[in-house]
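The values are calculated or read from the model by the stated rules, or taken from the named source; none is laboratory data. Keep in mind the model is a prediction, meaning the values are calculated, not measured. Note that each Cβ is placed from the backbone with ideal geometry, even for glycine, and that neighbours are counted across all protein chains shown. Calculation scope for accessible area: heavy atoms of the full protein, side chains included, ligands and nucleic acids excluded. Shrake-Rupley method; radii C 1.70, N 1.55, O 1.52, S 1.80 Å.
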Amino acid sequence: MRIASSADSSDNSRSQMIMADSGSSDEVAVICNTDITSTESENNIINTMVERGTALLKKMEISVAEADKRTGKNTVNMQETYTVYLIETRPAESVSEGGTPVAPDTLWRRYSEFELLRTYLLVTYPYIIVPPLPEKRAEFVWHKLSADNLDPDFVERRRVGLENFLLRLASHPVLSNDSIFFLFLTEEKGWREAVLETGFQDKADSRLKSLSAMFRVKNPDKRFTALKHYSEDLSTVISQLLRIRARVADRLYGVYKVHGNYGRVFSEWSAIEKEMGDGLQSAGHHMDTYAASIDDILEEEEHYADQLKEYLFYTEAVRSVCRKHELIQYELEMAAQDLSYKKQQKEELETGTVRIFSLKGMTSKLFGQETQEQRESKVAALEQSIQEGEEALKEKNAESQEFVEKAWNDIERFKEQKEKDLREALISYAIMQISMCKKGIQVWSNAKECFNKM
C-alpha cells in the first residue's frame, strides 16, 4: 500500500518550496525534502515491528501480563468497576540459556493512564505518528460478540493491544528514549505527577486553532495534503473491511451452528436403525464437532480484526501530524504577512505616499502631514519592529523546516511498518480461512467414511 499517489511522486523527489508572501522577493520560506532510509526491523509475535536496535529494548523486556477487575470510587466519589493491567519488565540480558528467569518488576495501570501517556507523547512529539491505543469499547462487533468493555474476551484482546502499544513505543527510535515513558514502565507512584509537571497540557493546540489553520493556510505542502487524503481513504477502506467481516462472521456463525441440526437428526435416526445405526451416530458426532468449532475460529478472527483496527486508529495519528504541519505553515505565513505590512508602512512614511486607501491617508488629508520629527520617530520604531519581524520569520521558517524533516523521516518509517504489518496480517487471515475450509472438507470426508461403513 502507498502513502501518496503516483501523481505526486515528482513532488516528493525534489525540494518542496513553500512561498510565504512577505512583500519582498527576499522573504521566501523554503522547506526541503530529504531522502530518509528507514531503520531495518522485524515483526514480533503480536504483529509489532520491533526495532531491536533501540536502547530500551536492549535493556528490558516488556509485557502486559494480565488484567484484573477492580471496584473503587472515581473522581466524583461514585462507586465504579474498572480494569487494571499488570505491566511486567525485566532486564533483557538477565536470563542465560537454560537458566532461571529473573522475577520481573511489576506495576498496575488503568486504561486512562495509557491514554494520558499517549496524549503527552502526541503533544511532545507532534512530528511523530504516535502508535494508537486499542479501542476503549468494542466496535464493528457481530451479534454474538459482547460490546461490554468488561467482557473477559474483550478485556483479553485489549490486554494484547496494550502490550502491542507499549512494544510499538519501545521499538520507536525516538519515543523509546522518552523519560516519561520509562517512568510509566517502572514507577507506579508519582508517574502521573511527573507527566503533569512537564506542562504538556499548556502546549496542546486547541481544536479550533487547528481547524482555523486548515481553512486559512494559503500554501499547503502538497505532500502533507496527499498524505492526509490517503489517510482518510485508508480509514474508509479499513472500516468497510471490518463491517464486511462482521457481517460474514454473523452468517458463518449461523451456517456452522445449523450443522448441529445434522448431528441431532443423525443421532435420532441411528436410534431406529440396526445395521446403519453406528455409521449414522458417528457421522452425527462429526457434525457436532464441526458446529462447535466456529467459536474458536471466530475468536481467532477477532485478533486479525484487531490488527486492522490498529491501522484504522493509526490513520487519525497520521492526520494529527498533517494538522500540526498546517498550523505551523499558517503561523509562518502570518509572520511573513505581518513583516510585509510593516515594510509597507515604513515605505509610506519615508516617501509620504499611500499605496492604497487607508484611514492614515484620510487623516493626513484632513489634518495635514506629520512633522519630519514625528515621521523619523515612527520610522525608527518600525525599523526595530521590522528587525524583530525578520527574526521571528527566520525562526518560524527554521521551525517549519525542522518539523518537515522530522515528520517525513517518521512517515517513511511508518510506511515500511504499515506495508509489512498489513501484508502479513492479510496473508495470515487468508491462511486461516484456507485452514477453516480444509477442516470443513475433512469433517465431510469423515462423514462420508461413516456412511461407507453402513
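Tabulated results
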| item | result |
| --- | --- |
| Cα→Cβ-extended label distance, 7 Å offset, between M78 and N261, nm | 4.6 nm |
| Residue-span extension gain [E299 to R243] - 0.36 nm each, minus C-alpha spacing | 18.5 nm |
| Whichever aspartates and glutamates have a C-alpha closer than 18 Å to that of K324, once near sequence neighbours (fewer than 8 apart) are set aside | D202, D205, D221, E232, E316, E333, E395, E399, E402, E405, D410, E412 |
| Exceeding the 31 Å Cα-Cα cut-off - candidates K69/K438; K203/K415; K69/K406 | K69/K438; K69/K406 |
| For D288, solvent-accessible area (1.4 Å; no DNA, RNA or ligand), Å² | 70 Å² |
| Probe 1.4 Å, all protein chains present, accessible-area order of C322, C437, largest first | C437, C322 |
| Karplus 3J(HN,Hα) series, Hz, for segment 318-325 with 6.51 cos²θ - 1.76 cosθ + 1.60 (x for Gly, Pro) | 5, 5, 4, 5, 5, 5, 5, 5 |
| Largest to smallest principal axis extent of the C-alpha atoms in segment 104-186, angstrom | 42, 32, 19 |
| R70 - accessible surface, heavy atoms, 1.4 Å probe, Å² rounded to 10 | 80 Å² |
| Accessible-area ranking of H259, H286, largest first, probe 1.4 Å | H286, H259 |
| Nitroxide proxy distance, nm - points 7 Å out along Cα→Cβ at D151 and R216 | 4.6 nm |
| Sequence-distant lysines (8 or more away, or on other chains) whose Cα lies within less than 21 Å of K420 | K228, K309 |
| Probe 1.4 Å - accessible area at Y253, Å² to nearest ten | 40 Å² |
| Eligible lysines near K343 by straight Cα distance, threshold 23 Å, same-chain separation 8 or greater | K218, K360, K365, K378, K394, K396 |
